[in-house]
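Reviewing the structure listed below.
The values are calculated or read from the model by the stated rules, or taken from the named source; none is laboratory data. Model, not experiment: these values are computed from the prediction. Heads up, the Cβs are rebuilt from the backbone with ideal geometry, glycines too, and the neighbour counts pull from every protein chain shown. Protein only, heavy atoms only, side chains kept; ligands, DNA and RNA dropped before computing areas. Shrake-Rupley method; radii C 1.70, N 1.55, O 1.52, S 1.80 Å.
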Amino acid sequence: MADRITSSGCAAAAIDGPFHGERVTSPLTPVEYQGRIAAEGISRVLDRMACDWVATRDLLVNAGIADPTRQAYCGFSMGTRFGLAAALALGPGLKCAVFGKFGTQSTVGLNSGLHAPARALNDASAIAAPVLFHLQWDDEIFPRPGADPAV
């Protein structure tokens with residue numbers, strides 16, 4: 001995806017999610033990283049990730065690589081969980097966003113400390129840019145009623 005984006009003359013960036021990649025000294029299991037997010041507090045982690053995206057954007061802009069008036073965001077699943085707050089924080093330069101494979105309800109496998117439906121809905125409703133949401137019809141973690149406003 002990055003090759004396609006950059007070959008069109010746009011900058012592309014990806015950063016590690018909380019307690020993933022180079023943010024930790026060794027890989028963590030889902031139970032471990034979800035526990036760390038819950039211990040820190042989901043709202044605090046959402047805010048921290050939003051700040052990290054703004055800082056990444058600012059570095060690219062200051063290096064002359066990106067245009068602050070023409071930004072987009074794309075993230076699925078965890079990329080939506082943390083991307084809603086990031087897209088909102090990116091401000092008026094955000095021209096579009098793609099989210100999906102996420103919802104306000106979950107069925108299995110997630111630490112209850114990650115459950116923040118009001119925050120997700122508030123952040124999503126405050127994004128002014130056009131948004132495309134990819135709904136996985138039979139998602140094993142996020143059921144349709146929590147992801148599809150029509151249900």
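Quick notes on this structure:
- The relative contact order of the stretch 1-76 comes to 23 percent, based on Cα pairs under 8 Å that sit 6 or more residues apart.
- For the chain, accessible area per residue (1.4 Å probe, heavy atoms of protein chains only), Å²: 58
- Each residue, H134 and D16, gets one label point 7 Å from its Cα in the Cβ direction; the gap between the two is 2.4 nm.
- Every helix of 4 or more DSSP H residues in the chain counts as -39500 (n - 2.57), and over all residues that averages to -12500 deg cm²/dmol at 222 nm.
- Sites L28 and T69, calculated FRET efficiency, Cβ-Cβ separation with R0 35 Å, nearest 0.05: 0.40
- Once the Cβ-Cβ distance of T107 and A2 is raised to the sixth power relative to R0 = 30 Å, the FRET efficiency obtained is 0.40.
- Carbon/sulfur fraction of accessible area - the chain, other protein chains in place, 1.4 Å, %: 58
- Degrees, to the nearest 10: 78-90 long Cα axis against longest axis of the chain: 50
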